[in-house]
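Encoded as structure tokens, the structure appears first; notes follow it.
The values are calculated or read from the model by the stated rules, or taken from the named source; none is laboratory data. Predicted model, so just to flag it, every value in this text is computed and none were measured. Ideal geometry is used to build each Cβ from the backbone, glycine not excepted, and the neighbour counts take in all protein chains shown.
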Amino acid sequence: MASITFKNVRKVYDKDVVAVKDFNLEIKDKEFIVLVGPSGCGKTTLLRMVAGLEEITSGELYIGDRLVNNVAPKDRDIAMVFQNYALYPHMTVYDNMAFGLKVRKIDKKEIDKRVRNAAKILGLEELLKRKPRALSGGQRQRVAIGRAIVRNPEVFLMDEPLSNLDAKLRNEMRAEILKLHKRLQTTFIYVTHDQTEAMTLGDRIVIMNDGIVQQVGNPQEVYENPSNEFVATFIGTPKMNIFDGELGKEDNRYFLLFNGKKIGIEEKVNKELIDKDIKPQSIRFGIRPEHIELTEESDESFKIDVEMCELMGHEMLIHTSLNDEPLVVKSRTRFDIKASDRVDIKFETDRIRLFHKESGKNLLYCDN
Amino acid sequence: MKKLAKAKDKDKFNGSNAVKLDSKRKDRTRNIFIFLMLAWPILNWLIFTFYMNLETLAYSFQRLNRFTGEMRFSGLTNYKILFQKIINNSDSYGTAFRNTFLWLGLNVLVIGPISLVVSYVLSKKIPLHRFYNAVLFIPNIISIVILTMVWSFIWAPNQGIVNDLLRMLGLDHLTRVWLGDPDTALINVFIYCVWAGIGFNNLILSGAIAKIPKEILESAELDGVSNWQEFIHIIVPSIWPTFATVTILGATAAFRVFLQPQLLTNGQYGTSTIALKVVDEVLGGGDYGLASAAGVVMAILGFIAVYLIKKFLDKMEAKWS
Amino acid sequence: MGRKFSKPVLIIAEVLLFIYAVSLIFPYIWVFINSFKSVPEFYSSTWSLPESFSLTNYIRALKETNMLSYFKWSIIVTLVGTALQMIFSAMTAFVLAKYKFKGNAFIYSCAIAGFLIPTTGTLAPLYVFLKNTGLFNIYGLIVMYATGMGTNMVIYYSFFKKISWSYAEAAFIDGAGHFRVFWNIMLPMAREASIAVGITSAIRIWNDYFLPSILLTNPKVQTVAVGLRSLQVQQQYNATWTVLFAAVILATLPTILLYIIFQDKISKGFLMGGLKE
């Protein structure tokens, strides 16, 4: 059993720099959790606290049922893959993988068995006698993972393990890490700043900013129902378009006043707004590029001047601006549009997300 | 590939292809510039390094005629005298010879490893580590004259710090003339060398330890190393090239040691070294031939010893890289 | 930082290092305290605090010995010697690092070979040479310090190698000559090397004992290190230790003060110059 529980965990550096603020999270056994956020958001600090490399200023951290705040890293039964791999340069691949076991005085035969097994899983059998500097980036990455595998840990920690690889290799390794997780059946905590990685890898994603958790959820939830403006724009590429608007209400019908037009609010959302008794107010609203249609001119459509087009093959990104805000439209149906064309667009109203003007909170987000 | 490398090399140097215009005249000013810049440094080197070494070799085959004051070729006489003196230990040449090798052992096997352990301990940023680092380095900024003087105050027979302390503890029978007693003088000078010698090595080795990527140490920590395992399996291999340099420097220095025994004991009570014998012969006895022969022997032995040690160090390095 | 020490190991390490550090500092404190005592007071109670902090010994040290003169000559020798060593090392290094000509690599390897051979062994011909050329004086000392092919050169060399030649090309196009490029463009860019070389050379020359002790035969022209040594030898006969203590404090104080102020720079300089004798 290796669930991990954070209870009000805080990390403060030099008495006043707060790296992590009151972090609460329960990670289930065998879950693949991804911590994602911009650099400096506290995600790596959090990971290092789990490893025991960083002291916990206050709060409690449990691995399984054991409080580990004061347990030495070596006694936590965890393994970690570092961003720069941290392979021992003076040891062969074999010795790198075997070192953690030798130190723990495990039987030589057992070590050999485990190392060879890990090498087989990762396709390193031919390289066991090489030194790290004679390996390619991808191979080093595998050795770093292999070193963690042989330990058979209860928890696997990975700190931006793919950031030093080129794009193609990164995609391959991503798939392999997923396979590995299935195979090993252990808890993974994975730190990255890359939201694509987070979306594709995690059972659940923890999005952080400025040491504070913004949202925890599975990729679909996070994408569909972001808790605030930060999450909305951080997750998804191209990012969600955000505009200022007015939320109005007439005869129990809410509507959005934007760019001189009244956009009707879809029935289901309307009901939620009524239930929550949201007052008419200035708001920010967001709509993802794929939820904007190219359309005929109508009451609810907007005219835009196309500034630039990116044709991606199966889809086209149209860059423009509306109400002095940049706007990106993803078109999957029409590819004949060129810069300086004038087209009409329409929002899919059920996809509009409403955010509080000051706090950026999603007006309809509820944490279940 | 080779061509490319060559072109690159040329680029680095320049000169000729940078100033192509009017190349002949430019070339001449360039050559004059090179000559003027190097003239004095090379002259100084030719006199004080090249000529002196050559002349030492020549002197070692000559003996001074005390009446005419001229040096005369005398074959291997100086070397014969030197070896006889060493074997018979006359004028304590034998002791001096032995001591030079004891110093080699001291520098290579004692001071180097102790420094390494000290650097390792201080790299853990233990309480007061800044203070220790600063204080340990003090012997390197103070003249050896003052250092040895202070050392002799510590060990002075009367009013000396150590003897006073012993008397206070009622251990009068242990007091002695530390630096004037053949039983303790040499070991005392050795201890002085350790006392004053750790700081510099510590600086260099600490610099190397600080450069080890911190993830490597963290990774080892997660692997569950003990301090001893970390030291042996991670720290030592990682900084081996630097430790090798420190060791080589110590080995070379062993063959030059003479100021420490000269200033502490005047080379008496069994503390002399070959280098000190050379100095004594030149400044005291005026036997230039014997001094030079000793100098040549010292250089040859030093070269062999350092070469062997380097071989060993390189072998270890090859194993780890 | 890696693995932390366990409590017992930490305590043992702290105790040993503390004793070692104290052994390095305490003698100076002992000398400092006793430098205020009169000679009889010193003999009767070595360990007590002085009855009064009288400066008699310091005044005597300044008057009866030539401390001020020692300082003057040490300062002169150190300033001139360091400056020459820096300039000549930089000159040699610059030409060897940046100009291609026949014999370049040969000169460089000569320099390396030169400082690998122990110099003490060559004392006999040096002695004869200095005697024949009449260099047993401060000029001889300066000449011997004015080297340009030692370890200092190697430090400058590695620095100049790293500086791009395009700066020089730009200056040539602007009409600068070779020396101007060296002096106004390249040398300022090697400022870090200059600091390292300057600090380490100055400390080494200030503290040097052996060369000045044989070269400076005129008792009126002596450096601090040599002067103190002769004072120490004299004390063995007239036993006015406390005056010697005062002299030691006077001689060390400037160095220690400079060390406290510039500790980081000094350590860095030594670390960079690092691998020299």
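Considering (1) out of contact with any helix residue (DSSP H, G or I) (no Cβ under 9 Å at 6 or more places or on another chain); (2) closer than 20 Å to C:GLY198 by Cα, the lone condition that C:SER109 does not fulfil carries the number (2). Scanning region A:186-232 for residues that are part of a loop (DSSP other than H, G, I, E, B) and in contact (Cβ under 8 Å) with a residue 24 or more places away in the chain returns A:THR186, A:HIS193, A:ASP194, A:GLY202, A:ASP203, A:ASP210, A:GLY211, A:ASN225, A:PRO226, A:SER227.
The criterion of at least 3 residues that are within 11 Å of chain B (Cβ to nearest Cβ), more than 30 Å from C:MET149 (Cα to Cα) and modelled with pLDDT of 90 or more is met by the following helices (runs of 4 or more DSSP H) wholly inside region C:1-96: C:7-34. For region A:83-142, filtered to residues that are within 22 Å of A:TYR190 (Cα to Cα) and of a type in the set (Lys, Arg), the residue that is farthest from the other protein chains (Cβ to nearest Cβ) is A:ARG142. Criterion applied to B:GLY285, B:GLY302, B:GLY289 was being within 18 Å of the chain's Cα centre (by Cα) and under 21 Å from B:LEU76 (Cα atoms), and the one residue passing it is B:GLY302. Taking the conditions (1) more than 9 Å from every other protein chain (Cβ to nearest Cβ); (2) without any contact (Cβ under 8 Å) to a residue 40 or more places away in the chain in turn, B:PHE231 satisfies each one other than (2). Just one residue in the set B:ALA196, B:ALA208, B:ALA185, B:ALA220 is within 24 Å of the chain's Cα centre (by Cα), crowded, with 21+ Cβ neighbours inside 10 Å and at the interface with chain C (Cβ under 9 Å from one of its Cβ atoms); that residue is B:ALA196.
Could you check, for region A:72-82, whether at least one of its residues is surrounded by 21 or more Cβ atoms within 10 Å (Cβ to Cβ), within 12 Å of chain B (Cβ to nearest Cβ) and of a type in the set (Val, Ile, Thr)? Yes; the residues of region A:72-82 include at least one that is surrounded by 21 or more Cβ atoms within 10 Å (Cβ to Cβ), within 12 Å of chain B (Cβ to nearest Cβ) and of a type in the set (Val, Ile, Thr).
Checked against the criterion of being assigned to a loop (DSSP other than H, G, I, E, B), more than 8 Å from chain C (Cβ to nearest Cβ) and hydrophobic (A, V, I, L, M, F, W, C), region B:56-75 has at least one qualifying residue.
Does any residue in region C:205-223 that is within 12 Å of chain B (Cβ to nearest Cβ) come within less than 6 Å, Cβ to Cβ, of a residue that is crowded, with 22+ Cβ neighbours inside 10 Å and in a loop (DSSP other than H, G, I, E, B) six or more places away or on a different chain, and which pairs are these? From residues that are within 12 Å of chain B (Cβ to nearest Cβ), the pairs are C:ASN207/B:SER143; C:PRO212/C:THR223. Among the residues of region A:87-135, the ones that are over 21 Å from B:SER238 (Cα atoms) and under 35 Å from the mean Cα position of the chain (by Cα) come to 15 in all. Look at (1) within 30 Å of C:TYR127 (Cα to Cα); (2) crowded, with 18+ Cβ neighbours inside 10 Å; (3) more than 10 Å from every other protein chain (Cβ to nearest Cβ); (4) polar (S, T, N, Q) and you find that B:GLN268 fails only one, number (2). Regarding region A:339-353, can at least one residue be identified that is assigned by TED's automatic domain parsing to the domain that holds A:PHE243, among the aliphatic types (A, V, I, L, M) and within 26 Å of A:ASN225 (Cα to Cα)? Within region A:339-353, one or more residues are assigned by TED's automatic domain parsing to the domain that holds A:PHE243, among the aliphatic types (A, V, I, L, M) and within 26 Å of A:ASN225 (Cα to Cα). In this structure, B:LEU46 does not qualify as at pLDDT 90 or above and away from chain C (no Cβ under 14 Å).
Check B:THR252, B:THR247 and return the single one that is at the interface with another protein chain (Cβ under 10 Å from one of its Cβ atoms) and either among the hydrophobic types (A, V, I, L, M, F, W, C) or assigned to a helix (DSSP H, G or I) (or both). After applying the criteria, what remains is B:THR252. The residue of region C:165-183 that is surrounded by the fewest Cβ atoms within 10 Å (Cβ to Cβ), among those that are within 13 Å of C:ILE87 (Cα to Cα) and either at the interface with another protein chain (Cβ under 8 Å from one of its Cβ atoms) or of a type outside the set (Phe, Trp, Tyr) (or both), is C:PHE179.
Please verify whether B:PHE131 is surrounded by fewer than 15 Cβ atoms within 10 Å (Cβ to Cβ), within 12 Å of chain C (Cβ to nearest Cβ) and either closer than 27 Å to C:PHE210 by Cβ or of a type in the set (Phe, Trp, Tyr) (or both), treating the condition exactly as stated.
Values: surrounded by fewer than 15 Cβ atoms within 10 Å (Cβ to Cβ): yes; within 12 Å of chain C (Cβ to nearest Cβ): yes; either closer than 27 Å to C:PHE210 by Cβ or of a type in the set (Phe, Trp, Tyr) (or both): yes.
Yes, satisfied.
All conditions in (1) farther than 30 Å from B:LEU283 by Cα; (2) hydrophobic (A, V, I, L, M, F, W, C); (3) facing another protein chain (nearest Cβ under 8 Å) hold for C:ALA105, with the sole exception of (3). So, in region A:247-269, exactly how many residues are more than 31 Å from the chain's Cα centre (by Cα) and either within 16 Å of A:LYS346 (Cα to Cα) or not hydroxyl-bearing (Ser, Thr, Tyr) (or both)? Residues in region A:247-269 being more than 31 Å from the chain's Cα centre (by Cα) and either within 16 Å of A:LYS346 (Cα to Cα) or not hydroxyl-bearing (Ser, Thr, Tyr) (or both): 16 in total.
Listed by first and then second residue, the pairs with beta-carbon distance under 8 Å, at least 6 apart or on different chains, first residue in region A:155-182 and assigned by TED's automatic domain parsing to the domain that holds A:LYS30, second hydroxyl-bearing (Ser, Thr, Tyr) and part of a helix (DSSP H, G or I), are A:ASP159/A:THR44; A:GLU160/A:THR44; A:ARG174/A:THR200; A:LEU178/A:THR200. The number of residues in region C:136-156 being within 22 Å of B:LEU38 (Cβ to Cβ) and either within 12 Å of chain B (Cβ to nearest Cβ) or charged (D, E, K, R) (or both) comes to 13.
In the condition set (1) in contact with a helix residue (DSSP H, G or I) (Cβ under 8 Å, 6 or more places away or on another chain); (2) over 30 Å from A:VAL71 (Cα atoms), C:ALA13 is compliant with all but (2).
Taking the condition of being charged (D, E, K, R) and touching a Ser or Thr at 6+ places or on another chain (Cβ under 8 Å), how many residues in region A:189-215 meet it? Outline the logic, then answer.
Kept after step one, since they are charged (D, E, K, R), are these residues of region A:189-215: A:194, A:197, A:203-204, A:210.
Checking the rest, the ones that are also touching a Ser or Thr at 6+ places or on another chain (Cβ under 8 Å) come to A:194.
Summing the residues that are charged (D, E, K, R) and touching a Ser or Thr at 6+ places or on another chain (Cβ under 8 Å) in region A:189-215 gives 1.
Only a single item in (1) surrounded by 15 or more Cβ atoms within 10 Å (Cβ to Cβ); (2) of a type outside the set (A, V, I, L, M); (3) within 23 Å of C:PHE210 (Cβ to Cβ) is not met by C:THR133, and it is number (1).
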